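Here's the structure, in structure tokens; my notes come after.
The values are calculated or read from the model by the stated rules, or taken from the named source; none is laboratory data. Predicted model only: the values in this text are computed from it and were never measured. For neighbour counting, all protein chains shown are included, and Cβ atoms are generated from backbone atoms with ideal geometry for every residue, glycine included.
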Amino acid sequence: MFRQMIFAVMLGAAGTGILIGLGVWQLQRLQWKEAIIAGAEAMIAADPIPLPAAPDAAQDRYRAVSVTGGFTGEEAHVLTSSREAGPGFLVIAAYQTEDGRRILIDRGFVPETEKTTRRPARPQAVTGNLNWPDDVTSSTPPYDSGRAIWYGRDVAGMAALLGTEPVLVIARSDTGDGILSQPVTTAGFRNDHFQYAVTWFLLAATWAGMTGLMLWRIRTRTV
């Protein structure tokens, strides 16, 4: 009986300790993620600055910027959908700044029936946020040149197609032509670490309870 109880205690302590450790790790991850979200929110809401000469994906993601110049009339279209309007496209427009740089502007959403609507070149000042979206994964279909449809915001690919720098500014407000702006937010950030922590702590409590039950059974069998 003594050996059985020692084994049950060791097993229970090890399992409970591991599960509690995983819960604590998730709480640490929660603090880390909350700091990232807070930093992104501050960057998004900051006063806009002129477009940096060489934007960096690590340092400038979500940075608020303003540009003056105009749309060239060239566009790429990314298949997407809107809860309110259904299927449609993000309009990624070529934009030439006053100092001659060519960049990409994510102007927002149009219904699929508006994909081929002509949106001619015109001057337009734009305020928005730099971004390098994580839309494209290994499972994302390649650009469909026959239908002129992208399936994710491949910044480098669209820049090559439209002859711009691989720099994308997501418009913060309406840029006209009936396009519904889709400004950058932190709504898409996944932050499930608190739920994971609760799950691990509940499993730890369950493991400890099962250990107690095992010890009780060992004892009652030998009484």
Practice prompt. Might you check whether a residue that is at pLDDT below 90 and surrounded by 13 or more Cβ atoms within 10 Å (Cβ to Cβ) occurs anywhere in segment 47-59?
Written response: no
Practice prompt. Please give the strands (runs of 3 or more DSSP E) falling wholly within segment 61-136 in which 1 or more residues are free of Cβ contacts under 8 Å to residues at least 60 places away in the same chain.
Written response: 69-82, 86-97, 102-111
Discussion item. Looking only at residues that are surrounded by 13 or more Cβ atoms within 10 Å (Cβ to Cβ), at pLDDT 85 or above and hydrophobic (A, V, I, L, M, F, W, C) in segment 4-23, which one is farthest from Asn191 (Cα to Cα)?
Written reply: Ala13
Worksheet, complete the sentence: Exactly one of Gly146, Gly188, Gly152 is farther than 22 Å from Gln96 by Cβ, in contact with a Pro (Cβ under 9 Å, 6 or more places away or on another chain) and either of a type outside the set (A, V, I, L, M, F, W, C) or surrounded by 17 or more Cβ atoms within 10 Å (Cβ to Cβ) (or both), and that residue is Gly152
Item to complete: Restrict the check to segment 161-173 and report whether at least one residue is within 22 Å of the chain's Cα centre (by Cα), under 18 Å from Ala64 (Cα atoms) and exposed (fewer than 14 other Cβ atoms within 10 Å of the Cβ).
Response: yes
